[in-house]
Amino acid sequence: MAKGGNLQRFLEKYAFNPVMRLLLRLGLAPRAFALLETTGRRSGARRLTPIGNGLDGSAFWLVSEHGTGCDYVKNLVVNPKVRVKVRRTWYCGTAALFPDEDGFTRRRVLDNANGIIGRADGVIFRASASTPVTILIDLEA
């Protein structure tokens, strides 16, 4: 990863994600974002990751910026049972990767559905994404 990528990862991990995670836990984040809960593949501990809001009826779509290299993707591959918090509601579901789908196209659809903040986040996503992978979470009724 280039130096710019290292800076981006550092800012995400230590500045943006902790703030966004808190706002999402409190139900105060912009509607363009959601909170993904996975189970740590080694620790078994709960892991919370801020993601774009991809709620679409009984499905939740998301695109992993760095594909299967992201820790949350590694976690859901080992244990696909996840939870997603959108606004103040938790949804349970089962995640599956769709590596053959065009992640950039899916992300544009999600960004457009999430208004100006979603589109702005999408610009950052497209500038920094290396190998995007689409993930579908089939939500339980």
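List pairs: first in the stretch 94-109 and at negative phi, second surrounded by 16 or more Cβ atoms within 10 Å (Cβ to Cβ) and assigned to a helix (DSSP H, G or I), Cβ under 7 Å, 6+ apart or cross-chain?
Note: pairs meeting the criteria are A95/L76; R107/G122; R107/F125; R108/G122.
Can you tell me how many residues within the stretch 1-48 are basic (K, R), farther than 16 Å from N75 by Cβ and surrounded by 11 or more Cβ atoms within 10 Å (Cβ to Cβ)?
Number satisfying all stated conditions: 3.
Collect the residues in the stretch 49-61 that are in contact with a Leu (Cβ under 7 Å, 6 or more places away or on another chain), buried (at least 16 other Cβ atoms within 10 Å of the Cβ) and not polar (S, T, N, Q), keeping them in residue-number order.
Filtering the stretch 49-61 down to residues in contact with a Leu (Cβ under 7 Å, 6 or more places away or on another chain) leaves 49-52, 54, 58-61.
From the residues that got through so far, the ones that are buried (at least 16 other Cβ atoms within 10 Å of the Cβ) too are 49-52, 54, 60-61.
Selection gives P50, I51, G52, G54, F60, W61.
Taking the stated definitions as given, is F104 part of a strand (DSSP E or B) and either at pLDDT 95 or above or closer than 21 Å to R21 by Cα (or both)? Break it down stepwise before answering.
On the way: part of a strand (DSSP E or B): no; either at pLDDT 95 or above or closer than 21 Å to R21 by Cα (or both): yes.
No: the conditions fail for F104.
Can you find, within the stretch 30-48, the residue that is nearest to A59 (Cα to Cα) among those that are small (G, A, S) and under 13 Å from the mean Cα position of the chain (by Cα)? Lay out the reasoning, then the answer.
Residues of the stretch 30-48 that are small (G, A, S), as a first pass: 32, 34, 40, 43-45.
Within this subset, residues satisfying the condition of being under 13 Å from the mean Cα position of the chain (by Cα) are 32, 34.
Details: A32: 16, A34: 13 Å.
Filtering first and then ranking leaves A34.
Which condition number in (1) closer than 24 Å to V77 by Cα; (2) touching a residue at least 40 places away in the same chain (Cβ under 8 Å) is the one that I117 fails?
Failing condition for I117: (1).
The values are calculated or read from the model by the stated rules, or taken from the named source; none is laboratory data. Computed from a predicted structure; not experimentally measured. In this analysis, Cβ positions are derived from the backbone assuming ideal geometry, glycine residues included, and neighbour counts consider all displayed protein chains.
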